[in-house]
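Values quoted throughout were computed directly from the atomic coordinates according to the rules given, and no laboratory measurement underlies them. All of these numbers come straight from a predicted model, not from anything done at the bench. Cβ sites come from the backbone with ideal geometry, for glycine too, and all protein chains shown count toward neighbours.
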Ligand SMILES: NC(=O)c1ccc[n+]([C@@H]2O[C@H](COP(=O)([O-])OP(=O)(O)OC[C@H]3O[C@@H](n4cnc5c(N)ncnc54)[C@H](O)[C@@H]3O)[C@@H](O)[C@H]2O)c1
């Protein structure tokens, strides 16, 4: 029996990277999927790929900073597939780069609007649809950067710490309704988000990420999709309020980034947008 047979999921940020890998995995496990992302080209391709493998999937252009757009993606799931079982708040970007003093208030706010406010809105609007069917699973993508300073850019790291705390507070409030709320804290995952920041593309990213954690390879979208599948499925029926670390052992200890701490983030102050756009 497939793990998500008959379930319906909305996945934000599913046009690329770990969101796209998760959409493919959920579809293969029997779920119907709404792919919600700013990037129409990648999103349509992801939906097509799921359909070609026999699943129900649609793309809905969504900006997670816009409350009506998030609600629209959830409404689409209910209208198209009849229910909402799983909400995966995964959309993201690097956002404000640079030192604390060089970070503008505007770029701080833009980073938080996508990484934290977008997750809050995703949780908020998933609840009524899940309540109607007696429960559900809400998953959000945080980061190891939300657990430890220096593992990501400043505003990004603080927003991801917020996602972890939001997860716990929401889990307390929603447990009695059988709505589970968890987040995933990925380590270094080889996705377009990382490619944006490492000159030299995929081989250079591998060279950097293969050696920062005890398991000597970069993480993949599929590594995160596996964790999301566990949290989405009934296998995790008694799991809520967790921040699941999926990082090849990076957070187990030792010297972060093999002694080259923060090297990827020592960049001039600038805005780093969605990975499909050029910075
Ligand atoms: N790659 C890593 O090493 C890593 C580590 C920890 C956490 N993360 C987090 O994982 C999540 C997925 O990132 P990824 O690495 O797969 O990157 P990615 O760039 O491949 O995918 C992110 C997706 O989010 C979408 N997006 C960006 N802004 C959006 C918005 N306002 N509304 C809707 N969609 C938007 C992008 O278009 C893109 O498709 C992000 O939340 C990121 O912060 C990444």
- Message: Output the 0 to 90 degree angle, nearest 10, between the alpha-carbon long axis of helix 154-174 and the longest principal axis computed from the alpha carbons of the chain.
- Response: 30
- Item | the range 44-181: translational diffusion in µm²/s, Stokes-Einstein, Kirkwood Rh over Cα pairs, 37 °C, 0.692 mPa s | 204
- Message: Would you work out the Kirkwood radius for the range 113-247? I mean one over the mean of 1/r across all pairs of different Cα atoms, in Å.
- Response: 15.7
- Task: Determine the percent antiparallel among the DSSP beta bridges restricted to the chain, to the nearest 5.
- Result: 10
- In degrees between 0 and 90, to the nearest 10, how far off the longest principal axis of the chain does helix 67-81 point, with axes built from Cα atoms? 40
- Message: Within a 10 angstrom radius of the beta carbon, how do 179, 215 rank from fewest other beta carbons to most?
- Response: 215, 179
- What are the extents of the Cα atoms of the range 70-131 along their three principal axes, listed from largest to smallest and rounded to whole Å? 48, 16, 15
- Packing-based exposure ordering (other Cβ within 10 Å, fewest first) of 35, 114: 114, 35
- Query: For the range 28-81, max minus min Cα coordinate along each principal axis, in Å, sorted largest first?
  - Reply: 31, 23, 14
- Query: For the chain, what is Rg from Cα atoms divided by 2.2 N^0.38 Å, rounded to two decimals?
  - Reply: 0.94
- Return the ratio Rg/(2.2 N^0.38 Å) for the range 4-95, where Rg is computed over Cα atoms only. 0.94
- Task: Relative to the longest principal axis of the C-alpha atoms of the chain, give the angle of the C-alpha long axis of helix 40-52, reported between 0 and 90° and rounded to the nearest 10°.
- Result: 50
